[in-house]
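The values are calculated or read from the model by the stated rules, or taken from the named source; none is laboratory data. Model, not experiment: these values are computed from the prediction. Note that we place each Cβ from the backbone using ideal geometry, even for glycine, and neighbour counts take in every protein chain shown. Side chains included, ligands, DNA and RNA excluded: accessible areas come from the protein's heavy atoms. Shrake-Rupley method; radii C 1.70, N 1.55, O 1.52, S 1.80 Å.
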Amino acid sequence: MALTPSPVLRLIGAAFTHPGGSGVTGLDLTVEAGTALALIGPNGAGKSTLLRGVLGLVPLTAGTMELGSVEVRGADGASGPPVPKHTRNGMIGFLPQSSELDPDFPISLEQVVMQGRYRRLGLLRWPGRADRVAVRRALETVGLTSLAKRRFGELSGGQRQRGLLARALAGEPRLLLLDEPFNGLDQTNRDALVDTLRALKLQGVAVVVSTHDLELAKEVCDLVALVNGTQLAFGPVDEVLTLGNVQECFDGVEVELDEHTLVVPGHEGH
Amino acid sequence: MAWRSNSTSTRWWYQGTKATDADIGICDPGVGEWGPMTLVDALFGAFALPFMARALIVMLVLAVVAGVVGVLVNLRGLEFISDGLTHAVFPGLAIGLAVGGTAGLVPGAAVAALAAAVVLTWLDRAGITSDAAIAIVLTAMFSVGVIVVSRGDEYASELEALLFGRVLTIPPESVVPLILVCLVAVVAVVVTMKQQLLRAFDRSGSRAVGDSALVLDLVLNAAVALVVVAAASTVGTLLVLALLIVPGAVARLMTERLWWLFPAAAGFAALMAWLGLALGFAGSVAGGVDLPAGSTIVAAFVAGYGIVLLGRWIADRRLATKAGVPQPAGTAAR
Amino acid sequence: MGYFERALVAAIIIGAGTGFVGALVVLRRRTFFAQALTHGTYPGAVAAAAIGVSVPLGAAAASVVLVGVMAGIARIRRQGAQVAAGIVLTGGFAAGAILQSLIPGLPVQAESLLVGSILTVTDGDILLAASIALVAVVTVAVFGKEIAFSTFDQPGFRAAGYREWPIELLVLALTAATVVSALPAVGAILAIALIAAPAAAARLVVPTYRGILLTAPLIGAASGVIGVIASRGLAVAAGPSIALAATGFFVMALVISKVRGLAWKRVPIPVETAEDARTA
């Protein structure tokens, strides 16, 4: 995928607000193709809200959002979340935090990944050669090719998550959003996911990852945004991820800083 | 018209239509005087009779369509809503019948189904627990229907005819409209199939990708309603419900492969419809036992379900002992 | 006691008992299960009517079998509770229809089994309903806390070390018994209205668990009485009148809850600009 000169995602003075009133505000950030942004903040900070807002599931109530060449302006007090055209173009892939999926559903991993192609196919067309190739490629990227025919419910938790990631990738998105993907992953799956994200960056995909894991942010991401109800800081990882900033973001909880990692008590490795 | 028969159980060899001996093909239409009937007679010969042939065609079309729609009913857990819709069309049928005769059946049912769908959707959006809401809507509408029917003549037989159907007295002019309506239902479902399956499997994923839950639910509920409306006036509300629920459940027992569910459900339904019709015919004509057609077919469906269930249980135990693992205590997925 | 007075007494007792257990059914989301029981016990009712024993007795016998079958099917991984209820509902009902056509000259009109016949209710039926209601009240008095706990916080209940199945079995048994007791009044098809509507109405206007358990039987009894009186006054069948009365209460409760909701609703959401919201 060729790198485009304009950023894939840009938020200018943006706020996403749920109909009930809660949300996240003051968002000013830019993500280019082939780069990864870490969204860091405590629970309830609004990281999920931000991701869902980019998807169009939470109304943009202030500011502007630019997705590629599509611009969305915030409207005050929008009553229901309309899904803007940008999500319909299939340029965004999304891996949600947790999915309550019926473990007995009679569907194979391959078929689940194929669901990621539906946006491109639209209503009437059925999967063809190109789609099968994309599915295969997505499975290779996450390393699950050998399990393609297995029933999805039979896979382990970590494998299911990778399967859903493959589904997000099968649509060949330009922007990939991941909501706390590293929660509860064991070391093997964690490493596999890190490798996958690195590979995606090389392919030119823009990635936004929300996480508690500061070490991960340093490992994989180029940019960081600290969020707690509102955006507190944004910039390159090395500049922004300082002890002081993180302490402010996590409301002054005692933070340890050791040689290579920033560790927030209660959030290690989560 | 034959549907005004006074008994629920219609005699299989004489419909109250002007069937002649030539139609029936037997010399002496007395009870049990047909003589020994071979299997072939019951399974094939019976359908030479025009009313049997009509019943078979209608049942086969319904079986295939309800089978396909029924798989989605199963995957989405819509069994109770389907039950609600079959009860809800009852007043429509009763009022349609009272106002417009047989021609009023389908429009009446359609209006009732639409009203029920609107009320259920509105209640759902108002946040009422859907299963209590379904129960209330269906019995309210059914009560209205009972009151309407109770004011007319032939109360008892009318009620039962609407519930248990008149499979053997389907008027010839109803066949084509029924097939057309079923066609619309199955096309609607097939066109949206990918999105329906995604929504069935991963509700939030479907939303995240931009699919409208409202539209998909409307399409599926409409397809169910169409099948109910089309079929209820001919085969009765009980039989329609069985057609929507049982084949899907059987398909889940038979296979774990997504796309095989549909032919499995449709095939099972068609086979059981055929066997049920043949069985009732044999019972009535050869055994002198007067069985209502609709209920016999439902009994065949449920018996078939039991057989597949047993087969599945045996197969699972064989697999388990082969693999040397203790039999897992299956817990309900829903 | 004249038949009308007896019908009124039956309406009150059956309505109250059904409303009470109906609260448990609705709160535990077992309405489809109850619906399946109402239809599935139909063959038992037909058989009982044919033999000449009390209809609830036949229905009770059938319900024991059905609860077992439903529990069995519901445990199968690929099937589940919805399928179980659906199978029992259609199978049972068809069995009843076949039985009915096989038995020549049923002493009871079939449709009275389907939509009830409270005007011909017997003292035995009333006694049965009263006993079941009593048992239900005593059960809830004794086990009310556990039932509430398991209804509203199932994982917490399990985590606290309780076992699910005794409570589940208890409520299931009460539900089956209540369905059986409601048959003489409203019949197999309409029984679910008397079970679900009073409880659903109570739930809309009363915020507490205990309050719902107190209000639902009142609404149920009222529905019974209004239905019987309306049936006589308007010369229509009693069963559907009772069912519609219960529905009427539900609609009223819906309106009341919506009006209440509207009164509190219009809190304006403050519009923020990014600058205003940004903290230092």
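Compute a Gaussian network model of chain C, connecting alpha carbons closer than 10 Å, and tell me which residue from C:Arg260, C:Arg158, C:Arg77 fluctuates the most. In this elastic network of chain C, the residue with the biggest mean-square fluctuation among C:Arg260, C:Arg158, C:Arg77 is C:Arg77.
What base-10 log of the normalised intensity I(q)/I(0) is obtained for the stretch B:256-317 from the Debye formula, alpha carbons as equal point scatterers, at q = 0.14 Å⁻¹? Evaluating at q = 0.14 Å⁻¹ gives log10 I(q)/I(0) of -0.49.
Counting only other chain Cβ atoms within 10 Å of each residue's Cβ, the peptide C:22-32 averages 3. Scoring B:175-181, B:138-144, A:133-139 by mean Cβ neighbours within 10 Å over their residues and listing the highest first yields B:138-144, A:133-139, B:175-181.
Pairs of Cα atoms nearer than 8 Å and 6+ residues apart set the relative contact order; for the stretch B:96-191 it is 13 percent.
For the stretch C:58-187, the convex hull spanned by the alpha carbon atoms encloses 123 Å³ per residue. Amide H contacts of A:Val224 (H built 1.01 Å from N, in plane; Pro and chain starts excluded): A:Ala38, A:Gly235, A:Val237 sit under 5 Å, all sequence-distant by 5 or more or on other chains. Shielding of peptide B:207-215 by partners, expressed as the average count of other chain Cβ atoms within 10 Å per residue Cβ, is 6. What the Cα convex hull of the stretch C:87-162 gives, in volume per residue, is 158 Å³.
Could you point to the residue in B:Trp260, C:Pro184, C:Ala243 farthest towards the positive end of the protein assembly as shown's charge dipole, with +1 and -1 charges on the Cβ of Lys/Arg and Asp/Glu respectively? About the Cα centre, the residue reaching furthest to the positive side is B:Trp260. Look at the Cα gyration tensor of the stretch C:1-71: its axes a ≥ b ≥ c give a/c of at least 1.5 with a/b at or below b/c, and that counts as oblate. Taking the square roots of 5 times each eigenvalue of the Cα gyration tensor of the stretch B:158-245, largest first, gives ellipsoid semi-axes of 32, 13, 8 Å.
Sequence gap at least 6, Cα distance under 8 Å: using those rules, report the relative contact order of the stretch B:204-334 to the nearest whole percent. Relative contact order here is 20 percent. Counting only protein heavy atoms and using a 1.4 Å probe, the accessible area of C:Arg75 comes to about 130 Å².
Ratio of Rg to Rh for the stretch B:235-279: 1.01 [Cα atoms; Kirkwood radius as inverse mean 1/r over pairs]. Between the C-alpha center of the stretch C:90-140 and that of the stretch C:209-241 there is a gap of 18 Å. Two tests apply to each whole DSSP H helix in chain C, Cα reach of 18 Å or more along its axis and mean Kyte-Doolittle hydropathy of at least 1.0, and the ones passing both are C:3-27, C:55-75, C:81-102, C:123-152, C:164-205, C:209-234, C:238-265. When the inverse distances between all different Cα atoms of the stretch A:101-204 are averaged and flipped, the Kirkwood radius reads 14.0 angstrom. In a GNM of chain C with a 10 Å cut-off on Cα contacts, which of C:Ile13, C:Ile147, C:Ile212 has the highest mean-square fluctuation? Comparing C:Ile13, C:Ile147, C:Ile212 in the GNM, the peak value goes to C:Ile147.
In µm²/s, what is D for the stretch C:123-246 at 4 °C and 1.567 mPa s, where D = kT/(6 pi eta Rh) by Stokes-Einstein and Rh is the Kirkwood radius from Cα pairs? The estimated diffusion coefficient comes to 82 µm²/s. When DSSP beta bridges are restricted to pairs lying wholly in the protein assembly as shown, around 55% turn out antiparallel. The convex hull defined by the C-alpha atoms of the stretch C:70-121 has an orientation-averaged projected area of 4.8 nm².
Here the stretch A:157-239 yields Rg over Rh of 0.96, to two decimals, using C-alpha coordinates and the Kirkwood radius.
Based on DSSP H segments of at least four residues, each scored -39500 (n - 2.57), the protein assembly as shown has a per-residue ellipticity at 222 nm of -21000 deg cm²/dmol. The residues of the protein assembly as shown present an accessible area of 40 Å² per residue when probed at 1.4 Å with all protein chains retained.
Pairwise alpha-carbon distances in the stretch B:49-173 exceed 21 Å for 48% of all pairs. Counting only DSSP beta bridges whose two residues both lie in the stretch A:135-237, roughly 50 percent are antiparallel. Sorted largest first, the principal axis extents computed over the alpha-carbon atoms of the stretch B:210-306 equal 60, 32, 16 Å. If only the Cβ of Lys and Arg carry +1 and only the Cβ of Asp and Glu carry -1, the dipole of the protein assembly as shown around its Cα centre is close to 1180 debye. Summary value for chain C: 30 percent relative contact order, contacts being C-alpha pairs under 8 angstrom separated by 6+ residues. Please list log₁₀ I(q)/I(0) at q = 0.09, 0.11, 0.14 Å⁻¹ for chain C, using the Debye equation with identical point scatterers on the alpha-carbon positions. Relative scattering, expressed as log10 I(q)/I(0), comes to -0.45, -0.63, -0.96.
Debye-formula intensities of the stretch C:1-133, expressed as log10 I(q)/I(0) at q = 0.10, 0.17 Å⁻¹, are -0.36, -0.98 (one equal scatterer per alpha-carbon, no solvent).
Restricting the stretch C:103-196 to chymotrypsin sites (Phe, Trp or Tyr not before Pro) that sit in a DSSP loop and have at most 16 other Cβ atoms within 10 Å of their own Cβ leaves C:Tyr162.
Across all directions, the shadow cast by the convex hull of the protein assembly as shown built on its C-alpha atoms averages 40.5 square nanometres. For the segment A:95-107, counting C-beta atoms of other chains within 10 Å of every residue's C-beta and taking the mean gives 6.
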